[in-house]
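The values are calculated or read from the model by the stated rules, or taken from the named source; none is laboratory data. Being a predicted model, the structure only gives us computed values, none of them experimental. Positions of Cβ are generated from backbone atoms using ideal geometry, with glycine treated the same way; all protein chains shown enter the neighbour counts. Side chains are part of the model used for accessible areas, which takes the heavy atoms of the whole protein and leaves out ligands, DNA and RNA. Shrake-Rupley method; radii C 1.70, N 1.55, O 1.52, S 1.80 Å.
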Amino acid sequence: MHDDDSARSSLTRRRFLQLSAAAPLLTQAAPAVQRDASARPLITSGVQSGDVEADRAVVWCRTDRPARLRVRFGTTDKLVNARERVSAPTSADADFTARLDLTGLPPGQRIVYEARFESAGGALSEPVRGAFRTPARTSAPVRIVWGGDVCGQGWGLDEAHGGMKTFASMQAVEPDLFIHSGDLIYADGPISETVRLDDGSTWRNLVEDGVGEVAQTLDQFRGRYRYNLRDAHLRAFNAEVPMVAQWDDHEVLNNWYPTEVLGDAGNDARYTEKRVAILAARAKQAFFDYTPIREQRGGRRDARQVYRVVRRGPLADVFVLDCRTYRGPNTDNLQAQPGPETAMLAATQRAWLEEALARSTATWKIIACDQPLGVVVPDGKLQEGFANNDPRTLGREHEVAALLSALKRRRIRNVLFVTADVHYSAAHHYDPGRATYTDFDPFWEFVAGPLHAGTFAPGVLDATFGPEAVFTSGAPKPNRPPSDGLQFFGQVAIDPATRAATVTLHDRDGRTIFTNVLPPAA
């Protein structure tokens, strides 16, 4: 428990779980039509909240039929003087998922909500409870966890091996916010019923929702999210910790880019739809159907734009990037000049990021980047990431160089990067004193993951921006299962008294394996 728990909320985690279990006793009596259980909608996948700011939050839920989502919410355990919002009826068009953007919330408060569905005939589902905390407008403690990579490399749901235990360990630290750094699903990774482990025992996957095949249709992409939400640890975590959802490659296909067309060789033979842009459109629909992400409104912005800012009060802003939607093709990444082939964020997103960082008044600017900046990530003979294992500033590194130089020129301080993607944990310090490109201020990048997937050894660092691996924790050989314990998450805790950011990395059981205290710049 935190030292500031009593000041933060009278609703402790234990009390919250007690109330969740007792939720049916706290609601109004159901109408007579509910005596027929088959008439009642069912909540299939728990609740989620996301993109929480001082006065608003998105609440997500899914049912099994056309029904309206009704959400009661307030600041007390018993929902005294609760307000209520009601959605439009769900339909198969969104796989019976529903989201409500709760507005007019009080800042700096624990918000308790109760979700239930109502059918056209008035039958009500059993309620499910959730909670989140809105950031205060004055300085208050901030605790953010992050990580990525879920159900990858064939490691699905096996309760006998602990299920998605990392989510229970993250929940135990009682964070204010969770940044899911991408690879929420592995749409391209079939999950078989059994996997033989090194000691001769068997990992037995739950095999449901079509996970035995690669996802190509919209329903197959959605099925991967439904599958993950079968895990009790994940559902409990989602009910208590709001999410900032970000996507990477495996929500669609390993190492994908928008103009890609699959060939018939190797694993590509699994796909009857060869146009990756078509697969990505279906995958993005599923991503928005199944995450509590706020759709953009107004102006000329893409309603399903992933990059955005989520503000956590005076101490922290989270800048969420999208390294997939706008990138050029994977090449050798050695272009001497920037151009369409070197795009990762692309011009519009990079300009947005620079201006948003410059406007931010938060002490800490946390950039959630779905790929590390300096780790070489090969894609066969090509390159998947920013880095290229060449010390010169080439290819996609032009974008990184332009951003870092802008931060220095505009005196934007206290920027740190958090990421996942590479399936090990690390703390990277970038310094112009070690670099070949030197027009930037030193900064840190922290890597955490996988949350529930195969673990690998640390990758090679590119020298361009002078990274040093101050800490790494990976696997002694490739694709270690979650049961080996080599699953990792990160945490950023900001103290309002000192404004220092303490970054810690943790293993599957929640043990701290690395700590770094970052004082704010003057």
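A few remarks follow.
- Calculated FRET efficiency, Val261 to Ser192, Cβ-Cβ distance, R0 = 41 Å: about 0.90 to the nearest 0.05.
- Distant alpha-carbon pairs in segment 163-229 (separation over 20 angstrom), percent: 44 percent
- Within the same chain, lysines fewer than 8 places from Lys165 are excluded, and of the rest, those with a Cα less than 24 Å from its Cα are Lys477.
- Calculated P(r) of the chain - Cα pairs past 36 Å, %: 29 percent
- Per residue Cα convex hull volume in Å³ - calculated over segment 76-225: 173 Å³
- Once both labels are positioned 7 Å from their Cα atoms along Cα-to-Cβ, the gap between Arg511 and Glu213 label points is 4.3 nm.
- Note that segment 66-111 shows a convex hull volume over its alpha carbon atoms of 87 Å³ per residue.
- Its Cα centre serving as origin, segment 228-353 has a Cβ charge dipole (Lys and Arg +1, Asp and Glu -1) of approximately 600 debye.
- Derived scalar couplings ³J(HN,Hα) [segment 95-111; Karplus, 6.51 cos²θ - 1.76 cosθ + 1.60; whole Hz; x for Gly, Pro]: 6, 6, 8, 9, 10, 10, 9, 7, 10, x, 7, x, x, x, 10, 7, 9
- Projected label points at Ile278 and Ser91, each 7 Å from Cα along the beta carbon direction, are separated by 2.4 nanometres.
- Phi angles of segment 288-296 translate, via the Karplus equation with coefficients 6.51, -1.76, 1.60 and θ = phi - 60°, into HN-Hα couplings of 6, 5, 10, 10, x, 9, 7, 6, 6 Hz per residue; Gly and Pro are given as x.
- For Arg308, the amide hydrogen comes within under 5 Å of the amide hydrogens of Val320, counting only partners 5 or more places away or on other chains and with H modelled in the peptide plane.
- Put simply, the Cα atoms of segment 360-428 extend 43, 26, 15 Å along their principal axes, the longest span coming first.
- Computed over the Cα atoms of segment 211-350, pair by distinct pair, the Kirkwood hydrodynamic radius stands at 17.1 angstrom.
- Along segment 412-427 the Karplus relation, 6.51 cos²θ - 1.76 cosθ + 1.60 evaluated at θ = phi - 60°, assigns HN-Hα couplings of 8, 9, 6, 9, 9, 9, 10, 7, 9, 6, 9, 6, 7, 10, 6, 10 Hz to successive residues, with x for each Gly and Pro.
- Charged-residue dipole, Cβ positions (Lys, Arg, Asp, Glu), the chain about Cα centre, Debye nearest 20: 1900 debye
- Applying a DSSP loop filter and a limit of 11 other Cβ atoms within 10 Å to the trypsin sites (Lys or Arg not before Pro) in segment 487-522 leaves Arg511.
- Of all DSSP-defined beta bridges confined to segment 358-478, some 65% are antiparallel rather than parallel.
- For a straight C-alpha distance cut-off of 25 angstrom, the lysines reachable from Lys284 (same-chain residues fewer than eight places away being disregarded) are Lys274.
- Bridge orientation summary for the chain: considering DSSP beta bridges with both residues in this region, about 75 percent are antiparallel.
- Extending 7 Å from Cα along the Cβ direction at Asp199 and again at Asn81 yields two label points whose distance is 5.6 nm.
- Segment 101-140 - convex hull of the alpha-carbon atoms, volume per residue in Å³: 71 Å³
- In the context of the full set of protein chains, residues of the chain present 38 Å² of accessible surface per residue (probe radius 1.4 Å, heavy atoms only).
- Of all accessible heavy-atom area on the chain, the percent that carbon and sulfur account for (1.4 Å): 50 percent
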